[in-house]
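Report on the structure given below.
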Amino acid sequence: MTILREPIFWKRERQQKPIEPPWRLTPKEQANVKAAIAALRIRHRTLAKMAQLMGMNHKTLEWNAHRRGKPTRAMAVKLAALACVSTEDVIYGRWPKPGCCPYCGR
């Protein structure tokens, strides 16, 4: 058996940060999607009707419309299809434009 006469330190390799899932949005993008939900809610009167048109559960949409939930990219795609705009416009906040009428969009 060998006796160590000098202290030897071993360093562990640093673990890489886990890669963010591709469906997760940044907080700013989440706020943009929530603004789009609010604008479409005015047009369609209720979240339940909007959820039915989007093909999802109304509780999921309600959870994300109020500040508790975190909208995903899939929800942004469905919102964009319902609003007849591109997905990028919804995610990056180019739709709805500030100051436009929530009923007609002008």
Residue check: is residue 49 free of Cβ contacts under 8 Å to residues at least 12 places away in the same chain, assigned to a helix (DSSP H, G or I) and charged (D, E, K, R)? yes
Where residues in the stretch 18-30 are in contact (Cβ under 8 Å) with a residue 12 or more places away in the chain and loosely packed, with under 15 Cβ neighbours inside 10 Å, which of them is farthest from the chain's Cα centre (by Cα)? 22
Hey, does the stretch 64-72 have a residue that's surrounded by fewer than 16 Cβ atoms within 10 Å (Cβ to Cβ), out of contact with any strand residue (DSSP E or B) (no Cβ under 7 Å at 6 or more places or on another chain) and assigned to a helix (DSSP H, G or I)? no
I'd like the residue in the stretch 1-59 that is closer than 30 Å to residue 95 by Cβ and of a type in the set (Ser, Thr, Tyr) and, out of all such residues, is modelled with the highest pLDDT. 26
When the stretch 75-99 is examined, which residues are found to be open to solvent by 60 Å² or more (accessible area, probe 1.4 Å), of a type in the set (Gly, Ala, Ser) and in a helix (DSSP H, G or I)? 81
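The values are calculated or read from the model by the stated rules, or taken from the named source; none is laboratory data. What you see is a predicted model, and the numbers here were worked out from it, not measured in a lab. Here the Cβ is made from the backbone with ideal geometry for all residues, glycine too, and neighbour counts use every protein chain on show. For the accessible areas, the whole protein counts, side chains as well, though only heavy atoms, and no ligand, DNA or RNA atoms are used. Shrake-Rupley method; radii C 1.70, N 1.55, O 1.52, S 1.80 Å.
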